[in-house]
Amino acid sequence: MPELTIRKLHPVIGAEVTGVDFREPVDHETREALSQALSEHLALVFPNQDLTPEQYLNAGAAFGPVMRQHYSQNDMPGHELIGLVLHTEGRKVAEDWHTDHTNHEKPPLATMLYGIEVPSAGGGTSICSTRAAYDALDEDERLKLCGMKSVNMLDVDRVGTRQEDEERYGKPVVHPMVRTHPVHGTRAVYFHVTKVQYIEGMSEDLSRAYMEDLLQRMVKPEITYHHKWRKGDVLIFDDRATLHRAHGDYDRSESRVLWRILVEGDKPRLI
Ligand SMILES: [Fe+2]
């Protein structure tokens, strides 16, 4: 097993990991150590990686099976398990706080991003611990949230979704709004505002208003890691206990290209 070094990047969330080379197969012990580190720190940065698409998929697979992404128009040609994140041709920056693919029965365990072209300033990615956010809520609200379930669909306001993806991923999926982490055993708030059609027992409008208000109160710098991209960074974050967003505050004459992988997770459960 290679010598892994883990250095915290923020008091609550995020760590840098060195000593792993994703160009080589990752052995069982290293996989276990990486999964534990991800569950604990919720976001891991692997700097200075130089990977082909196949090697990058090997990096994702170190955390679990890699899953298909539901907006297939963004797939990398020839590598359908890698999504291309860029903001050309009218594609919007995902600036609202969210966690990925919550309309799946088994949403991703983690999202991995790889910095291929990065702007000289701005264009970062922020990740907020919803485990810490849950802990910071008062007891009454924690109790209330633990009784709530969200009904999730593909984003209603999204343009360019392919008919085949609508058919494959269009059916509503119900999840608890607080989930227990399968590795760490802790609880975290779990929802993606624009994928939630409604919270069971609430109107669509009230559901949206409640989630927007909750986000305002939950997301704070003390529980958020901001990643400033360097070319060659691999960033992975635990979708079971975080929210993330991109920042569009960069010069659009510069290029920002990230490769995205989703690692398959389990069905969210509250225990
Ligand atoms: Fe995302």
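Flag: Gly64 matches the condition of being in a loop (DSSP other than H, G, I, E, B) and either closer than 26 Å to Ile223 by Cβ or charged (D, E, K, R) (or both). A count restricted to the stretch 90-121 and to residues that are under 14 Å from the mean Cα position of the chain (by Cα) and part of a strand (DSSP E or B) stands at 8.
Within the stretch 81-116, take every residue that is open to solvent by less than 10 Å² (accessible area, probe 1.4 Å) and of a type in the set (Gly, Ala, Ser) and give me the one that is nearest to the ligand (Cβ to nearest atom). The selected residue is Gly83. Scanning the stretch 223-246 for residues that are out of contact with any Pro (no Cβ under 8 Å at 6 or more places or on another chain) and open to solvent by 80 Å² or more (accessible area, probe 1.4 Å) yields His226, Lys228, Lys231. Pick from the stretch 149-177 the residues that are basic (Lys, Arg) and either in contact with a Cys (Cβ under 9 Å, 6 or more places away or on another chain) or not in a loop (DSSP other than H, G, I, E, B) (or both): which of them is least open to solvent (accessible area, probe 1.4 Å)? Ranking the qualifying residues of the stretch 149-177, first place goes to Lys149. The set of residues in the stretch 39-52 being part of a loop (DSSP other than H, G, I, E, B) and surrounded by 17 or more Cβ atoms within 10 Å (Cβ to Cβ) consists of Leu42, Gln49, Leu51. Among the residues of the stretch 117-148, how many are surrounded by fewer than 15 Cβ atoms within 10 Å (Cβ to Cβ) and basic (Lys, Arg)? Residues meeting the conditions: 1.
The listed residues are Val45, Val85, and the only one of them that is β-branched (Val, Ile, Thr) and over 19 Å from Asp21 (Cα atoms) turns out to be Val85.
Within the option set Gln36, Gln55, being open to solvent by 20 Å² or more (accessible area, probe 1.4 Å), closer than 25 Å to Met177 by Cα and either part of a helix (DSSP H, G or I) or among the small types (Gly, Ala, Ser) (or both) holds for one residue only, Gln36. For the stretch 247-263, the set of residues classified as within 16 Å of the ligand (Cβ to nearest atom) and surrounded by fewer than 21 Cβ atoms within 10 Å (Cβ to Cβ) consists of His247, Gly248, Val257, Arg260, listed by residue number.
Residues in the stretch 76-89 that are without any contact (Cβ under 8 Å) to a residue 24 or more places away in the chain and assigned to a loop (DSSP other than H, G, I, E, B): 3 in all. Pairing residues of the stretch 104-122 that are within 15 Å of Gly232 (Cβ to Cβ) with residues that are within 15 Å of the ligand (Cβ to nearest atom) and of a type in the set (Val, Ile, Thr), at Cβ distances under 7 Å and at least 6 apart in sequence or on separate chains, gives Met112/Ile236; Met112/Ile261; Met112/Val263; Leu113/Val85; Leu113/Thr125. Within the stretch 191-224, the set of residues being of a type in the set (Lys, Arg) and in a helix (DSSP H, G or I) comprises Lys195, Arg208, Arg217.
Ser253 meets the conditions (1) modelled with pLDDT under 95; (2) hydroxyl-bearing (Ser, Thr, Tyr); (3) under 19 Å from the mean Cα position of the chain (by Cα) in every case but one. The failed one is (3).
Looking at (1) modelled with pLDDT of 95 or more; (2) farther than 26 Å from Ala33 by Cα; (3) more than 13 Å from the chain's Cα centre (by Cα), which one does Ala59 not meet, given that it meets all the others? If we test Ala59 against (1) modelled with pLDDT of 95 or more; (2) farther than 26 Å from Ala33 by Cα; (3) more than 13 Å from the chain's Cα centre (by Cα), just (2) comes out false. Residue-level analysis places Asp213 among those that are loosely packed, with under 15 Cβ neighbours inside 10 Å, without any contact (Cβ under 8 Å) to a residue 12 or more places away in the chain and either over 19 Å from Val45 (Cα atoms) or not acidic (Asp, Glu) (or both). Could you list, in sequence order, all residues of the stretch 222-239 that are farther than 21 Å from Ala121 by Cβ and within 14 Å of the ligand (Cβ to nearest atom)? Hits for the stretch 222-239 are Ile236, Phe237, Asp238, Asp239.
The values are calculated or read from the model by the stated rules, or taken from the named source; none is laboratory data. Treat the numbers as computed from the prediction; the structure is a model and nothing was measured. Glycine also receives a Cβ, built like all others from the backbone with ideal geometry; neighbour counts cover every protein chain displayed. Ligands, DNA and RNA are stripped out before the accessible areas are found, and what is left, the full protein with its side chains, is counted by its heavy atoms. Shrake-Rupley method; radii C 1.70, N 1.55, O 1.52, S 1.80 Å.
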